[in-house]
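Read through the structure below, which is laid out as structure tokens, and then see the notes.
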Amino acid sequence: MSFSWQTKGTARDPKSRVGINKKNESARTRMEVCKALKNIVEGGRTIDWIRAEKSEWIATPLHRELIYGTARHYLSLQQSVTELLKKPMRDKDSDLFQLLLVGAYQLKYTGIASYAIINESVNACVVLGKPWAKGVVNAVLRQLQRAAETSQQHSAQGETSAAEQALAAATADHPEWLKDKLKIQYPAEWQTLVIANNQRAPMTLRINTAKVEPAFYKAKLRENDISFSETSMIETIILDTPQNAETLPSWSEGEVAVQDLSAQLASHTLMTMLPPQIAEPSILDACAAPGGKLFHLHERLNARFKNHKLFALDNKKKRLNETKVIGSRLGHSDDPRLTMLCADATMDDCCGNLLFDAILLDAPCSGSGTIRRNPDIRLLLKSGHLTSHQEVQLKLLHNLWRRLKEGGTLLYSTCSIFEEENDHVIEKFISTQAGAKSVALSMKHGRTTLLGWQLLPSSRSTDGFYYAGLTKVKGT
């Protein structure tokens, strides 16, 4: 069965908007979610942009559930809805198409009663100023409801296994070019990777060792009946059930931060690369905002050195100010050993005359290793983006290399799983930069690559992350 869109009635009557029910918060939430999704798929905006610029569109748990969930399954939902329409939606009615996708997501992936989903979606037509669409929204969602119920029956009867359903859904939720790229670079793992991308990311915490002993904080969690899993690092735990960070024990006192385990490996790895004879190291975090790796590194330095100098560099003053706010909660921003600099790391004068014993470069990249955490990436990322970042990645490496002392080390990282942004970049850099030598890395998660170390999101505990170590040979 297919449905055509009717445009007669009150759609052109401004008075039709007068009757919007201000108390229908669920319908209004759907309206705001539709706006957010339109900005992603039509305006090329990210969820991070929505959070920063249109915070009211993502203000509540329901907003976030609908935005993240619909974005995660957008491509398959789009196909399902499109098949029920006789002709493509008019551009001016694309908000209604987003409304159908949101309703379809709830019908297929949540345990909410179907009648409630359909009723609230129909009510949202009024809030969108298009009450004429009620009938069509109702009809399409009821058809999708029957399809979802049929699929559940087939699964219950053993016709399709849960694993088969998960793979089929995950495959449908990835653009063709991305699936092809995964098949080429990860021929034995591409299926587990697409499935991992469709899962929800774990909520990983970093206990602030400058404030509290990890054992004491873990005891606080147990006292509050918050269950968690241990990891390979004593200060790092994964919550069994995610929750609002501000509800965590001693959050306001700065005893804990939210940070993925793969990102936390940056500080531990850089610490192992420091020359042992250095008593007061000078270190640069070259792309520091929003400060997760920066403050973790500061905590690790505090545990090892009485004195050190840590410099944080970012080219956006607003982002640096936001980093300072985060650092204030953690108790780091007022530490005289930590200096924040607003400058462009690709420019010759970004660090003045400063030289460093070690540099952390978390380079701009596609974010392809964080799709499960940022589902909008699969809708915005294009194949050409994987090589478009190379120019700035190499420019950052070459410029920052000038600020590295002889015998010093540089740790390059991306949250990408593709070699175009990882090994290929390091290979080009070493081939053109005199005195640059690769340093072998070894971590408790992930695996070695030709020139670095790769972590994958198919592991429950890590996002997709890449690291490469470099040292500056003396006399060059």
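The values are calculated or read from the model by the stated rules, or taken from the named source; none is laboratory data. Please read these numbers as outputs of a predicted model, since none were measured by experiment. For neighbour counting, all protein chains shown are included, and Cβ atoms are generated from backbone atoms with ideal geometry for every residue, glycine included.
Considering only residues that are assigned to a loop (DSSP other than H, G, I, E, B) and either of a type in the set (A, V, I, L, M, F, W, C) or in contact (Cβ under 8 Å) with a residue 12 or more places away in the chain (or both), look in region 307-333 and name the one that is surrounded by the most Cβ atoms within 10 Å (Cβ to Cβ). Reasoning before the result, please.
Step one: filter region 307-333 for residues assigned to a loop (DSSP other than H, G, I, E, B), giving 307-308, 315-316, 331-333.
Right, trim to either of a type in the set (A, V, I, L, M, F, W, C) or in contact (Cβ under 8 Å) with a residue 12 or more places away in the chain (or both) and you get 307-308, 315-316, 331-332.
Details: ASN307: 9, HIS308: 21, ASN315: 16, LYS316: 12, GLY331: 17, HIS332: 25.
This residue is HIS332.
Examine region 215-226 for a residue that is touching a residue at least 40 places away in the same chain (Cβ under 8 Å) and under 25 Å from HIS445 (Cβ atoms), and state whether such a residue exists. Outline the logic, then answer.
Let us first name the residues in region 215-226 that are touching a residue at least 40 places away in the same chain (Cβ under 8 Å), namely none.
No.
Restrict the check to region 131-147 and report whether at least one residue is in a loop (DSSP other than H, G, I, E, B) and either of a type outside the set (Ser, Thr, Tyr) or touching a residue at least 12 places away in the same chain (Cβ under 8 Å) (or both).
No - not one qualifying residue is present in region 131-147.
Testing THR449 on (1) free of Cβ contacts under 8 Å to residues at least 40 places away in the same chain; (2) touching a Ser or Thr at 6+ places or on another chain (Cβ under 9 Å), one condition comes back false. Which one is that?
(2)
Can you name the condition, by its number, that MET271 falls short on among (1) hydrophobic (A, V, I, L, M, F, W, C); (2) touching a strand residue (DSSP E or B) at 6+ places or on another chain (Cβ under 6 Å); (3) under 22 Å from LYS405 (Cα atoms)?
(2)
For region 371-406, which residues satisfy the criterion of being polar (S, T, N, Q), out of contact with any helix residue (DSSP H, G or I) (no Cβ under 9 Å at 6 or more places or on another chain) and either closer than 17 Å to HIS73 by Cβ or buried (at least 16 other Cβ atoms within 10 Å of the Cβ) (or both)? First the steps, then the outcome.
Step one: filter region 371-406 for residues polar (S, T, N, Q), giving 374, 383, 387-388, 390, 393, 399.
If we keep only those that are out of contact with any helix residue (DSSP H, G or I) (no Cβ under 9 Å at 6 or more places or on another chain) as well, we get 388, 399.
Once the filter is applied, which keeps residues that are polar (S, T, N, Q), out of contact with any helix residue (DSSP H, G or I) (no Cβ under 9 Å at 6 or more places or on another chain) and either closer than 17 Å to HIS73 by Cβ or buried (at least 16 other Cβ atoms within 10 Å of the Cβ) (or both), region 371-406 yields only ASN399.
Can you go through ALA358, ALA345 and tell me which one is closer than 28 Å to VAL473 by Cα and over 24 Å from the mean Cα position of the chain (by Cα)? Break it down into steps so the answer makes sense when it comes.
Details: ALA345 fails: over 24 Å from the mean Cα position of the chain (by Cα).
Every option except ALA358 fails the conditions.
Anything in region 412-427 that is of a type in the set (D, E, K, R), surrounded by fewer than 24 Cβ atoms within 10 Å (Cβ to Cβ) and more than 12 Å from SER438 (Cβ to Cβ)? List them, or say none.
If we filter region 412-427 for residues that are of a type in the set (D, E, K, R), which is where we start, we get 419-421, 423, 427.
Now narrow it down to the ones that are surrounded by fewer than 24 Cβ atoms within 10 Å (Cβ to Cβ): 419-420, 423, 427.
Of everything in region 412-427, those that are of a type in the set (D, E, K, R), surrounded by fewer than 24 Cβ atoms within 10 Å (Cβ to Cβ) and more than 12 Å from SER438 (Cβ to Cβ) turn out to be GLU419, GLU420.
Could you go through region 366-389 and let me know if any residue there is of a type in the set (Val, Ile, Thr) and more than 19 Å from LYS181 (Cβ to Cβ).
Here is the first cut: in region 366-389, the ones of a type in the set (Val, Ile, Thr) are 370-371, 377, 387.
Pick out the ones that are also more than 19 Å from LYS181 (Cβ to Cβ) and you get none.
No: zero hits.
Going by the structure shown, is THR409 in contact (Cβ under 8 Å) with a residue 40 or more places away in the chain and surrounded by 16 or more Cβ atoms within 10 Å (Cβ to Cβ)?
Here the answer is yes, as THR409 does meet what is asked.
Quick one: is ASN353 in contact with a Cys (Cβ under 9 Å, 6 or more places away or on another chain) and at pLDDT below 95? Break it down into steps so the answer makes sense when it comes.
On the way: in contact with a Cys (Cβ under 9 Å, 6 or more places away or on another chain): no; at pLDDT below 95: yes.
When the stated conditions are applied, ASN353 does not pass them.
State the number of residues belonging to region 46-57 that are without any contact (Cβ under 8 Å) to a residue 24 or more places away in the chain and not acidic (Asp, Glu).
6
Looking at region 87-129, which of the residues that are among the small types (Gly, Ala, Ser) and assigned to a loop (DSSP other than H, G, I, E, B) is surrounded by the fewest Cβ atoms within 10 Å (Cβ to Cβ)? Give the derivation first.
Looking only at region 87-129, we keep the residues that are among the small types (Gly, Ala, Ser), and these are 94, 103-104, 111, 113-114, 116, 121, 124, 129.
Now narrow it down to the ones that are assigned to a loop (DSSP other than H, G, I, E, B): 111, 113, 129.
Values: GLY111: 5, ALA113: 10, GLY129: 17.
This residue is GLY111.
Has region 105-113 got at least one residue that is in contact with a helix residue (DSSP H, G or I) (Cβ under 8 Å, 6 or more places away or on another chain), within 23 Å of HIS63 (Cβ to Cβ) and free of Cβ contacts under 8 Å to residues at least 24 places away in the same chain? Talk me through it step by step, then tell me what you get.
Going through region 105-113, the residues in contact with a helix residue (DSSP H, G or I) (Cβ under 8 Å, 6 or more places away or on another chain) turn out to be 105-110, 112.
Next, from what is left, pick out any that are within 23 Å of HIS63 (Cβ to Cβ): 105-110, 112.
Those left that are additionally free of Cβ contacts under 8 Å to residues at least 24 places away in the same chain: 112.
Among the residues of region 105-113, at least one is in contact with a helix residue (DSSP H, G or I) (Cβ under 8 Å, 6 or more places away or on another chain), within 23 Å of HIS63 (Cβ to Cβ) and free of Cβ contacts under 8 Å to residues at least 24 places away in the same chain, which makes the answer yes.
Quick one: is VAL136 in contact with a strand residue (DSSP E or B) (Cβ under 8 Å, 6 or more places away or on another chain) and modelled with pLDDT under 95?
Working: in contact with a strand residue (DSSP E or B) (Cβ under 8 Å, 6 or more places away or on another chain): yes; modelled with pLDDT under 95: yes.
For VAL136, the condition - in contact with a strand residue (DSSP E or B) (Cβ under 8 Å, 6 or more places away or on another chain) and modelled with pLDDT under 95 - is met.
In region 81-96, what residues are in contact (Cβ under 8 Å) with a residue 24 or more places away in the chain and farther than 22 Å from THR29 by Cβ? Before you say what the answer is, go through the steps one by one.
Of all residues in region 81-96, those in contact (Cβ under 8 Å) with a residue 24 or more places away in the chain come to 81, 83-87, 89-90, 93-96.
Scanning region 81-96 gives GLU83, LEU84, LEU85, LYS86, LYS87, ARG90.
Scan region 171-184 and report the pairs whose first residue is within 13 Å of LEU75 (Cα to Cα) and free of Cβ contacts under 8 Å to residues at least 40 places away in the same chain and whose second residue is among the basic types (Lys, Arg) and part of a helix (DSSP H, G or I), with Cβ atoms within less than 6 Å and a gap of 6+ or a chain change.
none
Filter region 334-370 down to the residues that are closer than 17 Å to PRO281 by Cα, touching a residue at least 60 places away in the same chain (Cβ under 8 Å) and either of a type outside the set (Asp, Glu) or surrounded by fewer than 17 Cβ atoms within 10 Å (Cβ to Cβ) (or both) and list them by number. Spell out how you get there, then give the answer.
Keep residues of region 334-370 that are closer than 17 Å to PRO281 by Cα, which gives 335-340, 351, 353-361.
Now restrict to residues that are touching a residue at least 60 places away in the same chain (Cβ under 8 Å): 351, 354-361.
Across region 334-370, the qualifying residues are CYS351, LEU354, LEU355, PHE356, ALA358, ILE359, LEU360, LEU361.
Which condition from (1) closer than 27 Å to ASP173 by Cβ; (2) among the hydroxyl-bearing types (Ser, Thr, Tyr); (3) modelled with pLDDT under 95 is the one that SER16 breaks?
Exception for SER16: condition (1).
Go through region 63-81 and give me each residue that's farther than 17 Å from ILE40 by Cα and surrounded by 15 or more Cβ atoms within 10 Å (Cβ to Cβ).
If we filter region 63-81 for residues that are farther than 17 Å from ILE40 by Cα, which is where we start, we get 79-81.
Hits for region 63-81 are SER80, VAL81.
How about region 420-462: which of its residues are within 28 Å of the chain's Cα centre (by Cα), of a type in the set (D, E, K, R) and over 13 Å from ALA266 (Cα atoms)?
GLU420, GLU421, ASP423, GLU427, LYS428, ARG447, ARG460
Mind listing just one residue for me: the one in region 114-130 that is in contact (Cβ under 8 Å) with a residue 60 or more places away in the chain and among the polar types (S, T, N, Q) and, of those, nearest to ALA162 (Cα to Cα)? Walk me through it before giving the result.
Restricting attention to region 114-130, the residues satisfying the condition of being in contact (Cβ under 8 Å) with a residue 60 or more places away in the chain are 120-121, 123-124, 126-130.
Applying the additional criterion that residues be among the polar types (S, T, N, Q) yields 121, 123.
Details: SER121: 28, ASN123: 34 Å.
Result: SER121.
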